[in-house]
Amino acid sequence: MTPVLRAEALTKRYGRSWALGGVDLEIEPGELVGLLGPNGSGKSTLVKIACGLVRPTSGDVSVLGHPAGSPAALASIGYLAELFRFPGWLSADELLSLHQRLSESEGGAPERDELLRLVGLAEARDRKVETMSKGMQQRLGIAQAMVGSAQLLFLDEPTSALDPVGRRTVRDLLEELRARGVSVLLNSHLLSEVELVCDRVLILQRGKIIAAGRPSELAQPRGVEIETATGVRVVEGAGRDDVPALVAELVAAGEQVYGARVLRSSLEDVYLEAVEGSMS
């Protein structure tokens with residue numbers, strides 16, 4: 001199966017500074033991938049190259065087997081910038097119609113209706129952008145990125161302006177996109193959101209991928225927490241396989257055990273460890 005996005009030995013230099021220092025990655029159909037990294041790590045450069053806005057210094061990037069920036073590649077992608085601005089005088093329906101014309105989509109009113117339904121704005125189709133909350137505009141931005149049946153979406157901080165209900169709506173939308181085989185490269189500083197929804201995570205630092213994998217694979221055990229009648233204790237260094245023996249030992253000693261759980265590092269812990277380790 002052809003990857004939706006493939007980068008091989010990708011580099012980009014601005015003057016004497018390297019924004020990307022040899023990046024290799026693949027994103028499969030229907031895969032949600034979180035792109036993490038501190039400011040200046042190369043995330044924006046990677047996305048701009050994949051969108052055909054910037055040429056790499058060396059290496060190759062393809063979208064569904066087509067060179068990045070080619071008409072076929074551009075027809076397959078959608079993009080939502082972090083700092084986007086839509087004409088305030090347009091309604092939601094008019095905005096999507098405009099983007100249909102720009103992308104030469106032939107979906108017409110049925111496509112617009114479906115996209116507004118997906119992002120929870122079906123009842124706001126005639127509402128002007130300038131009267132919408134920031135969260136509503138954010139969801140409308142995701143809808144415009146999906147115009148033309150895009151197979152790969154680049155979403156930059158899509159939940160940054162949303163309240164918990166709005167973030168839940170976006171998570172449900174991303175699950176729907178996965179079910180439809182649409183791939184997403186998600187750039188976000190809300191690591192808890194990335195951990196909840198993404199299949200894989202890429203951590204970029206100084207233009208190189210320093211960690212990659214499923215959130216569950218990157219997380220490391222931090223011990224076992226056991227709740228007993230005398231309180232809660234943590235056995236550091238223990239893992240899932242140690243739980244039965246630990247519980248049996250406590251019970252044999254006359255302790256009443258009410259529960260046990262394996263403590264694992266969060267994605268935030270993994271991120272900070274990886275980034276700080278690469279800087280030492």
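Taking the criterion of being buried (at least 16 other Cβ atoms within 10 Å of the Cβ) and either at positive phi or assigned to a loop (DSSP other than H, G, I, E, B) (or both), the only residue of the range 224-245 that qualifies is 238. Suppose the filter is of a type outside the set (Val, Ile, Thr), part of a strand (DSSP E or B) and closer than 30 Å to residue 63 by Cα; does residue 260 pass it? Here the answer is no, as residue 260 does not meet what is asked.
Would you mind stating whether residue 178 is in a strand (DSSP E or B), crowded, with 16+ Cβ neighbours inside 10 Å and not aliphatic (A, V, I, L, M)? No. Could you look through the range 73-88, keep only residues that are surrounded by 13 or more Cβ atoms within 10 Å (Cβ to Cβ) and among the hydrophobic types (A, V, I, L, M, F, W, C), and pick out the one that is nearest to residue 53 (Cα to Cα)? Looking at residues that are surrounded by 13 or more Cβ atoms within 10 Å (Cβ to Cβ) and among the hydrophobic types (A, V, I, L, M, F, W, C), I get 74. Determine whether residue 133 is surrounded by fewer than 19 Cβ atoms within 10 Å (Cβ to Cβ), small (Gly, Ala, Ser) and within 15 Å of the chain's Cα centre (by Cα). Judged against the criteria, residue 133 is not a match. Within the range 142-174, the set of residues being within 12 Å of the chain's Cα centre (by Cα) and assigned to a helix (DSSP H, G or I) comprises 170, 171, 174. Inclusion of residue 95 among residues that are touching a Pro at 6+ places or on another chain (Cβ under 6 Å), in the same structural domain as residue 124 (by TED's automatic domain parsing) and at pLDDT 90 or above is not warranted.
The single condition from (1) surrounded by fewer than 19 Cβ atoms within 10 Å (Cβ to Cβ); (2) free of Cβ contacts under 8 Å to residues at least 40 places away in the same chain that residue 60 fails is (2). Counting just the residues of the range 181-208 that are surrounded by fewer than 21 Cβ atoms within 10 Å (Cβ to Cβ) and of a type in the set (A, V, I, L, M), which one comes out modelled with the lowest pLDDT? In this case the residue turns out to be 190.
Contact annotation: residue pairs with Cβ atoms under 9 Å, 6 or more positions apart or on different chains, pairing a residue in the range 16-27 that is within 15 Å of residue 63 (Cα to Cα) and in the same structural domain as residue 44 (by TED's automatic domain parsing) with a partner that is of a type in the set (S, T, N, Q) and crowded, with 17+ Cβ neighbours inside 10 Å, are 27/183.
Is it the case that the range 133-147 has a residue that's of a type in the set (Gly, Ala, Ser), closer than 30 Å to residue 241 by Cα and out of contact with any Leu (no Cβ under 8 Å at 6 or more places or on another chain)? Looking for residues that are of a type in the set (Gly, Ala, Ser), closer than 30 Å to residue 241 by Cα and out of contact with any Leu (no Cβ under 8 Å at 6 or more places or on another chain), one finds none in the range 133-147, hence no.
Scanning the range 181-221 for residues that are β-branched (Val, Ile, Thr), touching a Ser or Thr at 6+ places or on another chain (Cβ under 7 Å) and assigned to a strand (DSSP E or B) yields a count of 1. Among the residues of the range 65-92, the one identified as of a type in the set (A, V, I, L, M), in contact with a helix residue (DSSP H, G or I) (Cβ under 6 Å, 6 or more places away or on another chain) and in contact (Cβ under 8 Å) with a residue 60 or more places away in the chain is 80.
The values are calculated or read from the model by the stated rules, or taken from the named source; none is laboratory data. Bear in mind the structure is a predicted one, so any value in this text is a computation, not a measurement. Virtual Cβ from ideal backbone geometry, glycine too; neighbours counted across all protein chains shown.
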